[in-house]
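**Student:** Pasting a structure below so you can have a look.
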Amino acid sequence: MKKILIVLLCLPSFIFAQFCGTSGYTTIVTTQAEVDALGGCTTFLGNLTIANQGANITNLDSLVNIQTIEGDFLIEEMQWQNIDIIMPSLTHINGFLRIYKCRANKLLMPALNSTNGNLSLDTWLGDSLNFESLTSTNNIYISRCGQEIQSNYNSFGVHTFNSLTSVNELRFEQCWGGKIIS
C-alpha cells in the first residue's frame, strides 16, 4: 500500500498535463475558436503561430495555462485591436519567441525563464513588458516599438530583464518614446 501511495503522489502533474500540437510541425492559429481550443493546453508540441491576419482573434485568454512550447512561438498581425498577451504559466520556449505587428498594452510572461532561440519584439505597441524571470536566451531584439501601427503611436518602458544572466546580444533599434529602466 505504501508503494502505491508514493507513486500516486509523484504523478499528479504528469496526469493532468494536456499536450497540444504535433512535434516537428507548425500549428497556425487564425481564429478565436482555434485560440479557445488551446484552453486546457499545458504543453505545446511543435511550433505555435498565432496569426490574426483577418482580425478574427479578439483575445488570447485561453493561453494562460501553457507552460512549455517545444518549438518556436510566433504571435503576429494583432494590430487591429488591442489584444493583451498574458501568459503567467509559460516557463520555457525551446525555440524562438517573436511578437510581430501587435498592439497590446500588456505583454506579460512573468514566469518565462528561458528560450533556446531569440526573443524578438518587432513593431509592437504597448506600455508594459514583463519578462521578470527570464534568465537566459540567445539574443533579445526589440525594434520599431513605439512606432506607428495603423496611425496609432505608443511609448513604452522596459522594466524587465532584471534576472537575465545569459544573453549574447541585447539590441534596441528604431524605438520611439521608449525608456530603458533597470
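The values are calculated or read from the model by the stated rules, or taken from the named source; none is laboratory data. The structure presented is a predicted model; accordingly, all values stated were derived computationally and were not measured. All Cβ positions, even for glycine, are placed from backbone atoms using ideal geometry, and neighbour counts span all protein chains on display.
**Student:** So which residues in the range 100-122 are within 18 Å of Arg144 (Cα to Cα), of a type in the set (A, V, I, L, M) and in a strand (DSSP E or B)?
**Tutor:** Once the filter is applied, which keeps residues that are within 18 Å of Arg144 (Cα to Cα), of a type in the set (A, V, I, L, M) and in a strand (DSSP E or B), the range 100-122 yields Leu107, Leu119, Leu121.
**Student:** Farther than 25 Å from Glu132 by Cβ and either over 10 Å from the mean Cα position of the chain (by Cα) or not in a strand (DSSP E or B) (or both) - does that describe any residue in the range 65-77?
**Tutor:** Yes, the conditions are met somewhere in the range 65-77.
**Student:** On to the next question. Spot the failing condition for Trp80; the list is (1) at pLDDT 90 or above; (2) out of contact with any strand residue (DSSP E or B) (no Cβ under 7 Å at 6 or more places or on another chain), and only one is missed.
**Tutor:** (1)
**Student:** Additional query: For residues that are polar (S, T, N, Q), surrounded by 19 or more Cβ atoms within 10 Å (Cβ to Cβ) and not in a loop (DSSP other than H, G, I, E, B), tally how many sit in the range 131-142.
**Tutor:** 0
**Student:** Ok, one more. Inside the range 80-99, can you point out the residues that are over 18 Å from Ser128 (Cα atoms) and either touching a Pro at 6+ places or on another chain (Cβ under 6 Å) or not in a loop (DSSP other than H, G, I, E, B) (or both)?
**Tutor:** His92, Ile93
**Student:** Kindly list, by first and then second residue, each pair from a residue in the range 116-127 that is crowded, with 18+ Cβ neighbours inside 10 Å and of a type outside the set (S, T, N, Q) to a residue that is assigned to a loop (DSSP other than H, G, I, E, B) and at pLDDT 85 or above, limited to pairs with Cβ atoms under 6 Å and residues at least 6 apart or on different chains.
**Tutor:** Note: pairs meeting the criteria are Leu119/Thr137.
**Student:** Go through the range 28-63 and give me each residue that's in a helix (DSSP H, G or I), of a type outside the set (Gly, Ala, Ser) and more than 13 Å from Gln18 (Cα to Cα).
**Tutor:** Passing the criteria: Gln32, Glu34, Val35, Asp36, Asp61.
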